[in-house]
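This is the structure I have questions about; it appears just below.
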Amino acid sequence: MMLRRLMAHVRAQNWLAVLLDFLIVVAGVLLALAASQWVADREARRSAVISQQAMDTDLMFMAIGTMRRYTTHPCLVDAIARLDEAVSVEDGAEFTTPARGRLSALQDGIFQDYYPVGLWNYPTSAFDRAVATGAFDHMDPQRAADYAVAYEWVRQIAAANAEEEVLRSRLSLVEMVDRMDAPTRLEIRRTLAELDGWNQGVLNSGRFLFDTMHRLAIAPAEEDRAQWRHYNELARSVRGACVIDLPLDFTGGAVGNRWSYEVDE
């Protein structure tokens, strides 16, 4: 109808009416484009919120898994010391792997000494999805930067954990050793040193991850705290007094002075 009226005004050479019709058409197009952009921006902001929630959940899961490493760190130190002592027997002497405090035959063996109770998974693709969908374009720049920093620490933790998996698998072969000799002793102690180094890498990266999560105001929910208390009880029932009872706190106090003090004790 608008086009028919415009053509009628042109045939009548009513240029003022033609101009008004043209302005109406342009205004309509601009309004349609603005409405379309508003809808797109709204969906993008909604997608950004969903991405933030997914990353918050992802980071919380990784942080809880890393916090478990703090609670069981003395157990790992004790297990390393016991194995190091066990391989100190003379060359040719009978060798027996140390395995004390296990609940059943399935938990028996040196292999289990190097796993935290309740393994945690690697991160999901939440960060990659946020990048792909442009979610960071609709966030505060500082918050977007903090997410990038947090996931860099997550990647370092995951890399260290992957290296530990290889070392744990290598140590599981210790159970097959019947008699000790110098090359075997050297290889075991080298593996133990590497394991301790990668474990320290997890703990150090964990501190920086916790600090970044604190800046992002990502805090555990009551359900997370309840599951954490259950985990601590499970860890202590399996591993005993070497498990440190730490609160699920990422503000720095729990894994700062308190953790260092309890480890020194």
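The values are calculated or read from the model by the stated rules, or taken from the named source; none is laboratory data. Because the structure is a prediction, the values reported are computed rather than measured. Using ideal geometry, Cβ is built from the backbone for each residue, glycine included, and neighbour counts are taken over all protein chains shown.
List, please: which pairs have Cβ atoms under 6 Å, are six or more places apart or on different chains, and start with a residue in the stretch 63-88 that is more than 28 Å from residue 152 (Cβ to Cβ) and end with one that is in a helix (DSSP H, G or I) and β-branched (Val, Ile, Thr)?
Every condition considered, the pairs that remain are 87/188.
So residue 218 ticks every box in (1) touching a Lys or Arg at 6+ places or on another chain (Cβ under 7 Å); (2) modelled with pLDDT of 90 or more; (3) assigned to a loop (DSSP other than H, G, I, E, B) but one. Which box is left unticked?
Only one criterion in (1) touching a Lys or Arg at 6+ places or on another chain (Cβ under 7 Å); (2) modelled with pLDDT of 90 or more; (3) assigned to a loop (DSSP other than H, G, I, E, B) is unmet by residue 218, namely (1).
Within the stretch 231-265, can you find the residues that are at pLDDT 80 or above and within 13 Å of residue 64 (Cα to Cα)?
If the condition is that a residue be at pLDDT 80 or above and within 13 Å of residue 64 (Cα to Cα), then 231, 232, 246, 247, 248, 249, 250 are the ones that fit.
Further, regarding this structure: Given (1) more than 17 Å from the chain's Cα centre (by Cα); (2) in a helix (DSSP H, G or I), identify the lone condition not met by residue 244.
(2)
With more than 23 Å from residue 83 (Cβ to Cβ), part of a helix (DSSP H, G or I), at pLDDT 90 or above and among the polar types (S, T, N, Q) as the only criterion, which of 212, 191 stands out? It would help to see each step written out before you state the result.
Details: 191 fails: more than 23 Å from residue 83 (Cβ to Cβ).
Just one listed residue meets the conditions, 212.
Can you name the residue in the stretch 123-142 that is surrounded by fewer than 14 Cβ atoms within 10 Å (Cβ to Cβ) and in contact (Cβ under 8 Å) with a residue 24 or more places away in the chain and is also farthest from residue 191 (Cα to Cα) among such residues?
137
Separate question: Residue 51 passes all but one of (1) more than 24 Å from residue 130 (Cβ to Cβ); (2) modelled with pLDDT of 85 or more; which number fails?
Answer for residue 51: the failing condition is (1).
Among (1) surrounded by 15 or more Cβ atoms within 10 Å (Cβ to Cβ); (2) within 26 Å of the chain's Cα centre (by Cα); (3) at pLDDT 85 or above, where does residue 57 come up short?
With (1) surrounded by 15 or more Cβ atoms within 10 Å (Cβ to Cβ); (2) within 26 Å of the chain's Cα centre (by Cα); (3) at pLDDT 85 or above applied to residue 57, the lone miss is (1).
Among the residues of the stretch 146-157, are any among the charged types (D, E, K, R), at pLDDT below 70 and surrounded by 15 or more Cβ atoms within 10 Å (Cβ to Cβ)?
No, that holds for no residue.
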